[in-house]
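Structure record follows, encoded as structure tokens.
Bear in mind these aren't lab numbers, they're just calculated from the coordinates by the rules spelled out. Since the model is a prediction, treat every value here as computed from it, not as a measurement. Reconstructed Cβ throughout: ideal geometry from the backbone, glycine too, with neighbour counts over all protein chains shown.
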Amino acid sequence: MAVVSRANSDYGRFVDEVKDMSLFPLWERVGGLKPGTQCVPAHWSYAEVRPQLIRACEMVTKKEASRRVLCLENPTLRGTTFICDSLFAGLQIILPGEVAPSHRHTPSALRFIVEGEGAYTAVAGEKLPMRPGDFVVTPAWAWHDHGNHGTAPVVWLDGLDTPFARFFGAAFYEPYPEEKQPLDRPEGESISVYGMSLIPDEFHSDGHSTPVLIYPYERTRTALDSLARAGKPHPAHGFKLRYANPATGKHPFPTMAVSMQRLPPGFSGQTYRSTGSAVFAVHRGEGVARVGEQEFGIGPHDVFVAPPWQPYCFAATSELELFSYSDRAGQEALGYFREQVG
Ligand code: 1HN
């Protein structure tokens, strides 16, 4: 209304004329700087998504799809593939005998294995057999392909920072000339060399992605067991471990922080919020997640998203384990990250 009432004033003519010159008066924009985005809390029940993944297998061959992924799109971001403004999440299914051909891209990627045995990802020349609960790293611009040697479908959660690469106009992609990349590193090398609190003397970290390419659930569970025996749960997060880049002690990716947390049965946590957007995947157990104004009943393999600065809290009906990744690493690097407990 203000603009209309000013239409015949000198000021109104000024605003219209400068707009035609691609100039905008900053003082006309009120409340431009405040935390949060238009993105909304959302939840995907695995019981509802899984049949659609199976259906996708019937309708789309691996050859047609390259990657058979159902993207979890935020309802406010339809058509973008993004689960929130800064992150991608998708559920990928691969059938026995299938190969997802090798390629690389500038966005960093993680896999969190949801269901099934016998699949692998090959990353940067190393074959990484994957089991449920494992977290697999694909650094920016690393060649990667997947396969399933098992007898059952395998499903994992793909987490990527594609919105970062797209935001900067730096989203490059390249297919490998053959289906599979050569495996020139022995299986298990990255974890047995870099995952033992030792680092090769001549190793020089670029400070970006971790040299450990797989964080097996077995190790995570053992560490959570010890953490839970050693002390009290955090009032909001329960027993929470951050996956670390052993060369820096920081996050496994330049953009994404990755965690696993355990909430004991009966746990009812305090409210927490941060500027980080976070994607959660239930590894095991049941409970309730309250995110903003929404309440989600959560069970194994469900995925949900907590948008930036929206308060959230958890209650566990049985022992609950939540895998999560967020844009915290990128925000910390830029000096933006803020958080509040309670
Ligand atoms: C990608 O390369 C994979 O390699 C999965 O499995 C999901 C989503 C966006 C861009 C690249 C994969 C992806 C992706």
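Summary table
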item	result
Overall dimensions of segment 205-342 by Cα: Rg and Dmax, Å	14.7, 43
Relative contact order (percent, whole number), segment 42-341, Cα cutoff 8 Å, 6+ residue spacing	17 percent
Lysine pairs with alpha-carbon atoms under 18 Å apart, the chain, spacing 8 or more or separate chains	5
Cα gyration tensor category, rounded, prolate or oblate, for segment 28-153 with a/c compared to 1.5	prolate
Rg and Dmax of segment 1-82, Cα atoms only, in Å	23.5, 65
Mean projected area (nm²) of the alpha-carbon convex hull when segment 120-199 is viewed from all directions	7.1 nm²
Radius, Kirkwood style, for segment 10-52 when every pair of distinct Cα atoms is counted (Å)	14.8 Å
Alpha-carbon Debye profile of segment 279-342, log10 I(q)/I(0) at 0.20 Å⁻¹	-0.82
Between segment 267-342 and segment 1-73, the alpha-carbon center distance in angstrom	23 Å
Convex hull projection area averaged over all views, the chain, Cα basis, nm²	21.4 nm²
Local electrostatic count at G90 - Lys and Arg +1, Asp and Glu -1, tallied over other residues with Cβ under 11 Å	+1
For q = 0.28, 0.29 Å⁻¹, Debye-computed log10 I/I(0) when each Cα of segment 234-300 counts as one equal scatterer	-1.48, -1.51
